[in-house]
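Okay, structure first, notes after.
The values are calculated or read from the model by the stated rules, or taken from the named source; none is laboratory data. Please read all numbers here as calculations on a predicted model, not as lab measurements. We place every Cβ from the backbone using ideal geometry, glycine too, and count neighbours over all the protein chains shown.
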Amino acid sequence: MEQRGIFISFEGPEGAGKTTAIANVYERLKADGRQVIVTREPGGITISEKIRSIILDNDHGEMDGRTEALLYAAARRQHLVEKIEPALRQGEIVLCDRFIDSSLAYQGHARGLGMEEVLAINKFAIGETMPDLTIFFDILPEAGLARIASNKSREQNRLDNESLRFHHAVYEGYQQVLQRYPERIRSVDASLSEEEVAEKVWKLIYSQLI
Ligand code: TMP
């Protein structure tokens, strides 16, 4: 039987540069001859991308916080069974842009739904499957949002448009998540240049897992 693959998630506030770093690491892993896929949450497969567009629609300002949390968990469930688990069973490396920690920080803490409650619905969604390694892109909300504002090609979604106070609460939520899972989560200073961040991410992945 093929050995189970490696599940790596990437977390952080808006504009932390995750997507760019993931693309860089993907290319390096490929060049190293690894079987690797890149995916994202919410999304990654047809059903979950549809749920994503419902959640992030700028016209859905009336969405209730628990509805939002349940939709993220539903999208995660489908993504896990349809894409992540099969890839791991094939022995692949899965690079996932956001996973459960986003729900803990955004819905659990910033939306004020409670981390335990959000963890409970997510446990129902994902069972025992957790990332083997999570890389947290550490950047203060002001700096991240400034990056987004200067990147005109990136569309602003419903969550980007939340207040600065909300984004500070997200950052605080992540600090709690980091304390809760010190074994799994590693931080990278995301205020550094793209090249420096990519290099640090690469070293973490290589030294810890491969
Ligand atoms: P993205 O902009 O990184 O693609 O993520 C979409 C937005 O959804 C982002 O604002 C973070 C938010 N989010 C949550 O609030 N909870 C979650 O569980 C996930 C995966 C994302």
Problem - Only listed residue being within 21 Å of TYR72 (Cα to Cα) and under 19 Å from the mean Cα position of the chain (by Cα), chosen from ARG147, ARG158 - result: ARG158
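Every residue, every condition in (1) β-branched (Val, Ile, Thr); (2) modelled with pLDDT of 95 or more; (3) within 13 Å of the ligand (Cβ to nearest atom); (4) touching a Leu at 6+ places or on another chain (Cβ under 9 Å), yes or no:
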| position | (1), (2), (3), (4) |
| --- | --- |
| PRO86 | no, yes, no, no |
| GLN90 | no, yes, no, no |
| VAL94 | yes, yes, no, yes |
| SER103 | no, yes, yes, yes |
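Does ARG154 satisfy being out of contact with any His (no Cβ under 7 Å at 6 or more places or on another chain) and surrounded by 13 or more Cβ atoms within 10 Å (Cβ to Cβ)?
Numbers: out of contact with any His (no Cβ under 7 Å at 6 or more places or on another chain): yes; surrounded by 13 or more Cβ atoms within 10 Å (Cβ to Cβ): yes.
Judged against the criteria, ARG154 is a match.
Under 13 Å from the mean Cα position of the chain (by Cα) and either at pLDDT 95 or above or over 22 Å from ILE205 (Cβ atoms) (or both): which single residue out of MET130, MET115 fits that description?
Details: MET115 fails: under 13 Å from the mean Cα position of the chain (by Cα).
Among MET130, MET115, only MET130 is under 13 Å from the mean Cα position of the chain (by Cα) and either at pLDDT 95 or above or over 22 Å from ILE205 (Cβ atoms) (or both).
Is it fair to say ARG111 is within 11 Å of the ligand (Cβ to nearest atom), surrounded by fewer than 23 Cβ atoms within 10 Å (Cβ to Cβ) and basic (Lys, Arg)?
Working: within 11 Å of the ligand (Cβ to nearest atom): yes; surrounded by fewer than 23 Cβ atoms within 10 Å (Cβ to Cβ): yes; basic (Lys, Arg): yes.
For ARG111, the condition - within 11 Å of the ligand (Cβ to nearest atom), surrounded by fewer than 23 Cβ atoms within 10 Å (Cβ to Cβ) and basic (Lys, Arg) - is met.
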Completion exercise
For segment 185-203, pairs from a residue that is of a type in the set (Ser, Thr, Tyr) to a residue that is at pLDDT below 95, with Cβ under 7 Å and 6 or more apart or across chains, are SER191/ALA143
Completion exercise
Conditions (1) surrounded by 13 or more Cβ atoms within 10 Å (Cβ to Cβ); (2) more than 13 Å from ILE135 (Cα to Cα); (3) away from the ligand (no atom under 16 Å from the Cβ) -> ILE210 fails only (1)
Handout entry: Filter result (farther than 16 Å from VAL170 by Cα and acidic (Asp, Glu)) within segment 117-142
Key = GLU117, GLU128, ASP132
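Kindly indicate whether GLN78 is closer than 18 Å to PHE7 by Cβ and surrounded by fewer than 16 Cβ atoms within 10 Å (Cβ to Cβ).
Working: closer than 18 Å to PHE7 by Cβ: yes; surrounded by fewer than 16 Cβ atoms within 10 Å (Cβ to Cβ): no.
Here the answer is no, as GLN78 does not meet what is asked.
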Fill in the blank from the handout: Pairing a residue in segment 31-57 that is away from the ligand (no atom under 11 Å from the Cβ) with any residue that is modelled with pLDDT of 95 or more and aromatic (Phe, Trp, Tyr), where Cβ atoms lie under 8 Å and the two sit 6 or more apart in sequence or on different chains, gives VAL36/TYR26; VAL38/TYR26
Handout entry: Qualifying residue in segment 118-132 (condition: of a type in the set (Asp, Glu), within 16 Å of the ligand (Cβ to nearest atom) and in contact (Cβ under 8 Å) with a residue 24 or more places away in the chain)
Key = no
Practice task
Specify the residue that is nearest to GLY144 (Cα to Cα); the eligible residues are those in segment 14-30 that are buried (at least 19 other Cβ atoms within 10 Å of the Cβ) and more than 13 Å from the ligand (Cβ to nearest atom).
Solution key: VAL25
